[in-house]
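Peer 1: Take this structure first; my questions come after.
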Amino acid sequence: MAEAKWYVVHTYSGYENKVKANIDKTIENRHLEEEILEVRVPMQEVVELKNGVQKASQKKMFPGYVLIHMIMNDDTWYVVRNTRGVTGFVGPGSKPVPLTEEEMAPLGIKRENIVVDFADGDVVTVIAGAWEGTVGVVQSINMQKQSLTINVELFGRETPVEISFAEVKKM
């Protein structure tokens, strides 16, 4: 299986979040979760001085661009390229060029491979995030996304939840 890489997509200015939402929806509808892993609009914290008051706000690092972590193939290229608001991939002609590790470093996107000893059926405790303190049973493990799906009890029913490796510990 090919390795997922980060690609840059050019969008209409001001449409970055809309493009992200559209791609996320398409991933869900077409079940491409294994091929398009993450869509990001890089943001940075900026402190502005307005009327003598300092105010912190989020600004887009690269207006007009969206980062996508995906496995490049004909299907994923077609889905992203034909998303409303996308004008194309960054690269010569119609050939997208992935970002290098050096280009990724200043963006704060680290490539960490966490070694885990989880297996399907293991009981784990969530140690961080919205589900902190919850106990669940591992249903599936996604090494590419560095996450696992666990079943937790929610309103008296078993519900699958995707959790990052860093947020759980084995019981």
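Peer 1: Write down the accessible area per residue of segment 1-127 in Å², having rolled a 1.4 Å probe over the full set of protein chains.
Peer 2: For segment 1-127, the per-residue accessible area is 64 Å².
Peer 1: Of all accessible surface on the chain at a 1.4 Å probe, what whole percent is carbon and sulfur?
Peer 2: It is 51 percent, rounded to a whole number.
Peer 1: Next up: Under the 0.36 nm per residue contour assumption, what length would be gained going from the current alpha-carbon distance of F118 and E132 to full extension?
Peer 2: Result: 3.2 nm gained on full extension.
Peer 1: Additional query: Under 14 Å from a point placed 7 Å out from the Cα of T87 along the Cα-to-Cβ direction: which residues of segment 3-19 have their backbone N that close?
Peer 2: 9-16
Peer 1: Extending each Cα 7 Å along its Cβ direction at K60 and N142, get the distance between those two points in nm, one decimal.
Peer 2: In this crude spin-label approximation the distance works out to 2.5 nm.
Peer 1: Let me ask something else about it. Across 5 Å bins from 0, what is the distribution of all Cα-Cα pair distances for the chain, in whole percents?
Peer 2: 1, 8, 14, 16, 15, 15, 13, 10, 6, 2, 1, 0
Peer 1: Binning at 5 Å from 0, report for segment 1-63 what percent of all alpha-carbon pair distances ends up in each bin.
Peer 2: 4, 14, 19, 18, 15, 12, 7, 5, 3, 2, 0, 0
Peer 1: While we're looking at this one, here's another question. Provide the FRET efficiency to the nearest 0.05 for the W77-E102 pair, computing r from the beta carbons and using R0 = 25 Å.
Peer 2: 0.55
Peer 1: On a 0 to 90° scale, report how tilted helix 16-30 is relative to the longest principal axis of the chain, with both axes built from alpha carbons and the result rounded to the nearest 10.
Peer 2: Tilt of helix 16-30: around 40 degrees.
Peer 1: Show that you can apply the helix-only estimate: for the chain, add -39,500 (n - 2.57) for every DSSP H stretch of four or more residues, divide by all residues, and state [θ] at 222 nm to the nearest 500.
Peer 2: That comes out to -4500 deg cm²/dmol.
Peer 1: Please work out the FRET efficiency for the pair S164 and Y12, using the Cβ-Cβ distance as r and a Förster radius of 22 Å; give the result to the nearest 0.05.
Peer 2: The computed FRET efficiency comes out at 0.10.
Peer 1: Treat each spin label as a single point 7 Å out from the Cα along the C-beta direction, and report the K5 to V152 distance in nm.
Peer 2: 3.6
The values are calculated or read from the model by the stated rules, or taken from the named source; none is laboratory data. Nothing here was measured: the structure is a model prediction, and the numbers come from that model. Here the Cβ is made from the backbone with ideal geometry for all residues, glycine too, and neighbour counts use every protein chain on show. To get the accessible areas, we keep the full protein, side chains included, count just its heavy atoms, and leave off ligands, DNA and RNA. Shrake-Rupley method; radii C 1.70, N 1.55, O 1.52, S 1.80 Å.
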